[in-house]
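Notes to accompany the following structure.
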Amino acid sequence: MSPHLPDPLRALIAAAVRAPSIRNTQPWRVVCPGPGRVLLYTDGARHLPGCDPSGRQVFLAHGAFLELFDMAAREGGFRTDLDLFPDGWPGSSLLTESPVARIDIVPDPQAERDPLHDLIPLRHTNGRPFRRRDVPLPLAGDLTACCDYERVALGFTCDPGLKQDIGRLIIAATELELSSPTRLHEALSFFRFTDREAAQSGDGFGLAQEGYGRLSRFFIGSLLFTRRRAEGPASPFPRFAAGRARRQAETAGGFGWLSTKADHRIEQVRAGRALARVHLKATGLGLAFQSMPQVIADYPEAGTIRNELYECLGIPDTLTVQALFRLGYAAPVPPPARRGLEAFLAGP
């Protein structure tokens with residue numbers, strides 16, 4: 001049905017697929033059964049079961065998609081009527097055969113535009129080391145005010161000791177994540193060593209997003225640290241990634257986290273919506289932003305690190321940390337590659 005996709009839906013979906021996702025996997029599949037209806041599905045081929053066995057990061061990405069879709073709809077004079085899990089409660093299912101959401105758009109001249117909408121083209125993940133400058137505490141209040149604090153709580157710290165503790169856990173989590181051949185393969189499958197790789201794939205996260213200039217990217221990705229070496233025996237990639245994680249953690253101007261009172265799929269979607277809003281608001285405040293999902297991973301070996309994080313943050317057992325991110329000040333990096341709109345569309 002994609003060749004006949006109505007113009008309003010085409011524009012809204014094009015905005016929504018600019019949402020953040022783990023490693024820029026873009027795990028969305030969209031069906032448009034009618035002129036004012038969108039069904040959002042999971043693209044199971046873009047799930048990373050080793051790094052994200054529960055699919056938490058997939059549902060965070062779905063929440064971000066829905067938030068940007070709603071913003072774009074309001075901007076165009078539409079109201080969105082959203083029905084999550086229209087085929088029934090998903091439990092622990094990844095939902096590849098049934099929709100995550102059914103969205104109907106309804107013309108509404110009273111639709112109130114969202115000021116964060118204008119920041120959608122400017123938002124990007126910044127993986128470079130930040131300037132060594134703390135994020136002022138009052139800015140955390142601005143971030144909190146941009147989302148529904150009752151359902152998704154935001155925490156923040158710029159305390160030097162706590163930042164050091166969180167940074168230590170991020171480094172340990174990165175090393176643990178890449179110690180598994182399966183997880184290493186998943187990481188490499190969405191890491192882009194060269195600009196050509198990024199352009200050809202239309203997805204992933206790479207040297208450009210970590211702040212390397214064009215000349216450095218050429219020498220590192222084409223000559224010194226090639227994909228062939230990274231995928232071969234005794235891969236240098238885990239050591240490279242751990243070094244990058246160390247510099248990222250040590251230069252954070254602050255860390256933020258989002259938590260919910262339960263950990264069902266609906267809370268994960270809500271957290272994804274909140275994460276998208278916080279990232280957009282941070283962009284508007286001139287802050288660089290990077291999610292650090294490895295430290296809240298839920299594969300079995302990660303349990304000790306995750307528990308240590310909860311202890312550091314003072315998170316009780318009744319809450320679930322859905323996202324952890326670093327904030328700071330840094331020059332922008334090129335946005336990661338995006339697939340064309342047609343790649344997301346499927347027939348009814």
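Each value in this text was obtained by applying a stated rule to the coordinates, not by laboratory testing. If you're wondering where the values come from, they're calculated on a predicted model, not measured in any experiment. Counting neighbours? That spans all protein chains shown, and the Cβs are built from the backbone with ideal geometry, glycine included.
Descriptive notes on the structure:
- Crossing angle, helix 265-284 versus the chain [Cα axis fit, 0-90 degrees, rounded to tens]: 70 degrees
- This ranking places PHE255, PHE218 by how few other beta-carbon atoms lie within 10 Å of each, fewest first, which gives PHE218, PHE255.
- On Cα atoms only, tilt of 303-313 relative to the major axis of the chain in degrees: 80 degrees
- Expressed as a fraction of 2.2 N^0.38 Å, the C-alpha radius of gyration for segment 113-156 is 1.42.
- Approximate shape of segment 27-127 as ellipsoid semi-axes (Cα gyration tensor, √5λ), whole Å, largest first: 25, 19, 10
- Cα centroid separation, segment 321-348 to segment 154-168 (Å): 25 Å
- Coarse-grained scattering of segment 17-56 at q = 0.17, 0.20, 0.26 Å⁻¹, given as base-10 log I(q)/I(0) from a Debye sum over alpha-carbon atoms: -0.52, -0.66, -0.91
- Kirkwood hydrodynamic radius of the chain, Cα pairs, Å: 20.5 Å
- Once you reduce segment 242-277 and segment 100-117 to the center of their Cα atoms, the two points are 26 Å from each other.
- Folded to 0 to 90 degrees: helix 56-75 orientation relative to the chain principal axis, Cα: 50 degrees
- For segment 155-296: relative contact order, % (alpha-carbon pairs under 8 angstrom, 6 or more apart): 36 percent
- For segment 25-148, averaging the sequence separation of C-alpha pairs within contact (under 8 Å, six or more residues apart) and dividing by the residue count gives a relative contact order of 26 percent.
- Intensity falloff of segment 265-345 expressed as log10 I(q)/I(0), Debye formula with alpha-carbon point scatterers, at q = 0.13, 0.15, 0.18, 0.24 Å⁻¹: -0.58, -0.75, -0.99, -1.22
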